[in-house]
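These notes concern the structure reproduced below.
The values are calculated or read from the model by the stated rules, or taken from the named source; none is laboratory data. Predicted, not measured: the structure shown is a model, and the values here were computed from it. Neighbour counts are summed over all protein chains in view; Cβ atoms, including those assigned to glycine, are modelled from backbone coordinates with ideal geometry.
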Amino acid sequence: MSEPVLLRRVEDDVPVSYGRFQLLDGTGLWDEPEPALLTTGTEGTALGQLDVASPAHAYRATVRMEAWDGQPPPPEGPWTAAGQLVYLSPSGTVSAYGPSHDRSPQMLLLGPPLFAYGLRAYVGPVRTEPAAWDADVLEPVEEPWLLRFWPLADTASAAIHDDVLGRMRERRPDLTSVVDGREEWPAFHPPATLEPPKLIRSVAPPRELRRIPTAEFSGRIGHHLEGVASGRRVDDVLGDLAYTMLGNLPHNVRDWSEQRLADYAAVLHVSRRIGRELNPHGAPTLRLPASDVSTALLGPHPGVSGRAWTWARDEHAHPEVLSVDRQVIARNRIRRNTLLTGIVTILRNENDFVEVRAATGPEAARVTEVETTQS
């Protein structure tokens, strides 16, 4: 058996609330009234949502999340094991956030959607600072975390029918399971060059409340904003993203605050990175309205496969993208175009548009199985 390979890694700065932070599925698909809790010595199963307990009850957690193609080795350095479990991922992506805080735009691609992944967590040495009320008292400020994921089993076959999440719970592999045919899933292919982990944004301190006297609202307390995003500021913050993004900029983007615009840029950066990771070999792609792709089991999220429908000038258009189960559905002799269809995998979804590539064998098999079951 070959040595496990590190596929991807990201970092995030996450606020800790009530002694914990959370992991959430990228689709927002979870329905756990009481999420699983990861603590030292525990083993269990989490579906799309997981609470991670902070032993030190620090203010912040610096979280590094890693995706491996097999069971990873123990990390080097001063790390202490903090728990392990089976993480059932509807979307194949995961992000971290602090309860009662906005969700971070940072996201890690674990692999294909509707898979079970192993998760091992490690906690590092806590950074302390003198307390504001007593310099002789050290309070925990920052707690480093290392979260390592690896694939255990394809759970889509259990989720083919009506209740996707309920069916996923029926398939609970143990942490020694090994996925067969990983080479057929591009999301499990190592990149030519491993990108360094990049912090999207740091936890912002609460905005200062300032008194803004005006003729109409003298003495009212409100958030002081530095201004709104002018056209020049949009160009400065987004840069090339404004030209490589899918679809058009939101119609009111020039009225956004600088912070909101920066958050939007972070979302686009993450979307573009995950798009590259889902297409590691640079297969040809096609941009379509999101409504032109009928996805199987989940919505039009990155990594999800479905059937694309598009009108083209002739029946030979897009041969490299619409190559899997390609069909000519109709010809419009008046407009001189042809309705084509094929099975694709979504790489990005931005502004109601998607970028897709041809689906691989196991990706397409999910779509055809759903179509056969529902026909």
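If G282 satisfies all but one of (1) exposed (fewer than 15 other Cβ atoms within 10 Å of the Cβ); (2) touching a Leu at 6+ places or on another chain (Cβ under 7 Å), what's the number of the condition it fails?
(2)
Give me a count of the residues in the range 1-18 that are within 22 Å of N279 (Cβ to Cβ) and charged (D, E, K, R).
2
Looking at R357, is it among the charged types (D, E, K, R) and in contact with a Lys or Arg (Cβ under 8 Å, 6 or more places away or on another chain)?
In short, no.
Does G111 satisfy the condition of being within 16 Å of I274 (Cβ to Cβ) and crowded, with 19+ Cβ neighbours inside 10 Å?
yes
Select from the range 333-349 the residues that are in contact with a Phe, Trp or Tyr (Cβ under 8 Å, 6 or more places away or on another chain), closer than 15 Å to R307 by Cα and either surrounded by fewer than 21 Cβ atoms within 10 Å (Cβ to Cβ) or β-branched (V, I, T) (or both) and list them in ascending order.
Listed by number, the residues that qualify are L339, T341.
Residues that are charged (D, E, K, R) and either under 25 Å from R182 (Cβ atoms) or not assigned by TED's automatic domain parsing to the domain that holds G247 (or both): list the strands (runs of 3 or more DSSP E) wholly contained in the range 267-375 that include at least 2 such residues.
337-350, 353-358
Does D180 satisfy the condition of being assigned to a loop (DSSP other than H, G, I, E, B), assigned by TED's automatic domain parsing to the domain that holds E66, within 21 Å of G44 (Cα to Cα) and modelled with pLDDT of 75 or more?
Spelling it out, it is not the case that D180 is assigned to a loop (DSSP other than H, G, I, E, B), assigned by TED's automatic domain parsing to the domain that holds E66, within 21 Å of G44 (Cα to Cα) and modelled with pLDDT of 75 or more.
For the range 127-136, which positions are surrounded by 11 or more Cβ atoms within 10 Å (Cβ to Cβ) and not small (G, A, S)?
R127, T128, E129, P130 - these are the residues of the range 127-136 that are surrounded by 11 or more Cβ atoms within 10 Å (Cβ to Cβ) and not small (G, A, S).
Would you mention how many residues in the range 305-332 are in contact with a helix residue (DSSP H, G or I) (Cβ under 9 Å, 6 or more places away or on another chain), closer than 23 Å to P113 by Cα and either free of Cβ contacts under 8 Å to residues at least 60 places away in the same chain or among the β-branched types (V, I, T) (or both)?
Selection size over the range 305-332: 4.
Does A116 satisfy the condition of being modelled with pLDDT of 85 or more, touching a Pro at 6+ places or on another chain (Cβ under 6 Å), part of a strand (DSSP E or B) and within 30 Å of R366 (Cβ to Cβ)?
Yes, satisfied.
Listed residues R64, R103; which is in a strand (DSSP E or B) and within 26 Å of E195 (Cβ to Cβ)?
Among R64, R103, only R64 is in a strand (DSSP E or B) and within 26 Å of E195 (Cβ to Cβ).
For (1) β-branched (V, I, T); (2) closer than 17 Å to I343 by Cα; (3) in contact with a His (Cβ under 8 Å, 6 or more places away or on another chain), each residue gets a yes or a no:
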| position | (1), (2), (3) |
| --- | --- |
| V270 | yes, no, no |
| R276 | no, no, no |
| L286 | no, yes, yes |
| D292 | no, yes, no |
| P300 | no, yes, no |
| G306 | no, yes, no |
| E315 | no, yes, no |
| E320 | no, yes, no |
| V324 | yes, yes, no |
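Among the residues of the range 48-60, what is the count of those that are in contact with a Phe, Trp or Tyr (Cβ under 7 Å, 6 or more places away or on another chain) and over 22 Å from V86 (Cα atoms)?
Within the range 48-60, residues that are in contact with a Phe, Trp or Tyr (Cβ under 7 Å, 6 or more places away or on another chain) and over 22 Å from V86 (Cα atoms) number 0.
Would you mind stating whether D314 is farther than 30 Å from L7 by Cβ and modelled with pLDDT under 95?
Here the answer is yes, as D314 does meet what is asked.
When you go through (1) in contact (Cβ under 8 Å) with a residue 24 or more places away in the chain; (2) more than 18 Å from the chain's Cα centre (by Cα) one by one for M65, which number turns out not to apply?
M65 satisfies every listed condition except (2).
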